Amino acid sequence: MGAGMQTLACVVLTLLLAAVARVGSASNSNSDGRNKRDMKQQLFDGACTLALRSAHLVFAIHHSFQKWVQCSLTQAGLDVQELLDANDTDAIMERRQRLSDCLASLPQRPEHLAVILPEARVRECQGMQRLLTSCVDDVEALCAWTLLARVPRLSIYTRDDSAGALFDSIASRLRNSKMAARAFNGRTPDICLGSKNRTEHLRADADAPVPPGYRPDIHISLWSREHGYPSLVKVSQELAHKVQCNMLSSSDITENLVADYLRDSAGHRHPELLLLCDELAHIPEFPPWQLQDVELVQADSSSSGIGDAVCTALASYAKIEKRWGK
């Protein structure tokens, strides 16, 4: 980045010299009959031009930095999508390990990643409706890439609850996922899969009881719009009923109590990073109390797949400067 800073200094110096030259020409013309007011106007115009060009330069450098980070993740023409899809070879395993080391070396990573998937699209085929895209494949891919990046918590939001409706299919896929095993150094990961009213532990030793203090390798929650405002309405009705029946006093209703009612079944807290894999310009009814400190990243249309989108989002999150007020 030293060369970049030198280039920035040279460009800024050039702009300053141009502004001074413009002001100087204004002064010379003033001697020919222009008044001081015109000179001040010329000075103001020069300063505005310098400010706008400097802002344009800053955005250009920021965009170049993003490209540099992405190239560092996909160095040597690395296609990240094939690293977990293709069968293991020495070359694939070496490139996968290189990407894993690159993700592990990022200055900061989120503890909780949330992803908004687009609604399932259907089409008529021989009188029957068939899904154009299956969120089962998306959940498996997101699970694998989150494991590769060593992010312990993942929440997947589908507004129409297509993921929650396919809970059994998703659990079966994750239990036997080769993609997840490749991302976890060839071992079968322990996964805690949860939805609104159901939680299942997908373990390599499925017959053994869950030990106390058990911590899976990754928590996955399947969210929908029911986790948003409808759940808040339901909690309000339930608390009001308990107060009316003298099961709870109004003084007992605190922020912590409401937070316990709204807590995710897998124990998820607020996500630090939210990846929007949709063309929508807004977040569609995502639970608002989960957006306290979240960084939002929109998936680029040029992304070759979910793996590329996740890597780009993690790279963007890594360079975010966080300043907490007192």
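The values are calculated or read from the model by the stated rules, or taken from the named source; none is laboratory data. Source: prediction; values computed, not measured. When we count neighbours, we look across all protein chains shown, and the Cβ atoms used for this are built from the backbone with ideal geometry, even at glycine. Please note that ligands, DNA and RNA were not included when accessible areas were found on the heavy atoms of the full protein model with its side chains. Shrake-Rupley method; radii C 1.70, N 1.55, O 1.52, S 1.80 Å.
Scanning region 249-272 for residues that are modelled with pLDDT of 80 or more and of a type in the set (D, E, K, R), we see that the one that is surrounded by the most Cβ atoms within 10 Å (Cβ to Cβ) is Glu272. Where helices (runs of 4 or more DSSP H) sit wholly within region 21-112, those with at least 3 residues that are polar (S, T, N, Q) and at pLDDT 70 or above occupy 36-73.
If we keep just the residues of region 175-192 that are outside any loop (DSSP other than H, G, I, E, B), free of Cβ contacts under 8 Å to residues at least 60 places away in the same chain and touching a helix residue (DSSP H, G or I) at 6+ places or on another chain (Cβ under 6 Å), which is surrounded by the fewest Cβ atoms within 10 Å (Cβ to Cβ)? Applying the filter and picking the extreme gives Ile191. Applying the condition of being over 15 Å from Leu117 (Cα atoms) and of a type outside the set (Val, Ile, Thr) to region 213-225 and asking which residue is most open to solvent (accessible area, probe 1.4 Å) yields Arg215. Scanning region 156-174 for residues that are of a type in the set (A, V, I, L, M), modelled with pLDDT of 90 or more and within 12 Å of Asp137 (Cα to Cα) yields a total of 3. As a summary of the residue check, Leu275 satisfies the conditions (1) modelled with pLDDT of 75 or more; (2) in contact with a helix residue (DSSP H, G or I) (Cβ under 9 Å, 6 or more places away or on another chain); (3) in a loop (DSSP other than H, G, I, E, B) except for the one numbered (3). Filtering region 216-243 to residues that are modelled with pLDDT of 85 or more, within 30 Å of Ala149 (Cα to Cα), out of contact with any helix residue (DSSP H, G or I) (no Cβ under 8 Å at 6 or more places or on another chain) and outside any strand (DSSP E or B) leaves only Pro216. For Ala120, the conditions (1) buried (at least 16 other Cβ atoms within 10 Å of the Cβ); (2) at pLDDT 75 or above are fulfilled apart from (2). A Cβ distance below 9 Å, combined with a sequence gap of six or more or placement on separate chains, defines the contacts here; from region 246-263, residues that are within 24 Å of Gln290 (Cβ to Cβ) reach residues that are not in a helix (DSSP H, G or I) in the pairs Leu257/Leu248; Leu262/Pro287; Arg263/Arg269.
From the set of residues in region 123-143 that are modelled with pLDDT under 80 and within 23 Å of the chain's Cα centre (by Cα), which is most open to solvent (accessible area, probe 1.4 Å)?
Here is the first cut: in region 123-143, the residues modelled with pLDDT under 80 are 123-134.
Narrowing the set further to residues that are within 23 Å of the chain's Cα centre (by Cα) leaves 133-134.
Numbers: Thr133: 66, Ser134: 41 Å².
Restricting to residues being modelled with pLDDT under 80 and within 23 Å of the chain's Cα centre (by Cα), the top hit is Thr133.
Going through (1) assigned to a loop (DSSP other than H, G, I, E, B); (2) more than 23 Å from Glu321 (Cβ to Cβ); (3) of a type outside the set (A, V, I, L, M); (4) modelled with pLDDT under 80 one by one, Asn246 falls short only on (4).
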